[in-house]
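The values are calculated or read from the model by the stated rules, or taken from the named source; none is laboratory data. Worth saying up front: this structure is predicted, and the values here are computed from it rather than measured. Cβ: placed from backbone, ideal geometry, glycine included. Neighbour counts: every protein chain shown.
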Amino acid sequence: MEMIRCPKCSRFFRKKDIVNLDICNTVIHATCVDEQWIYPIKDIGTYAGFVKKYAFLSVRSGDVNDIYN
Ligand SMILES: [Zn+2]
């Protein structure tokens, strides 16, 4: 699983973190979303759950060479 940072607090997501996914497919901690985060949230769950659920996170969690070669 690739280490992805929260765009708000810059901490790496851990599997059990409760995270939100916005309409731009940005993953952000649920606790980091505030009124300044203008993009509507379309899903909430654990980071580990998101990696299983969303292909774009799974690809990013795989070997980067698979994408560029
Ligand atoms: Zn955060």
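Some values worked out for this structure:
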| read-out | value |
| --- | --- |
| Pairs, first closer than 24 Å to Ala55 by Cα in the stretch 20-40, second of a type in the set (Gly, Ala, Ser) and within 11 Å of the ligand (Cβ to nearest atom), C-beta under 6 Å, six or more apart | Asn20/Ala30 |
| Search result, residues across the stretch 4-25 that are hydrophobic (A, V, I, L, M, F, W, C), within 11 Å of the ligand (Cβ to nearest atom), part of a loop (DSSP other than H, G, I, E, B) and surrounded by fewer than 15 Cβ atoms within 10 Å (Cβ to Cβ) | Cys9 |
| Residue that is nearest to the chain's Cα centre (by Cα) [pool: residues in the stretch 26-50 that are more than 15 Å from the ligand (Cβ to nearest atom) and loosely packed, with under 12 Cβ neighbours inside 10 Å] | Lys42 |
| Selection count, the stretch 26-52, where residues are assigned to a loop (DSSP other than H, G, I, E, B), modelled with pLDDT under 95 and either of a type in the set (A, V, I, L, M, F, W, C) or touching a Lys or Arg at 6+ places or on another chain (Cβ under 7 Å) (or both) | 2 |
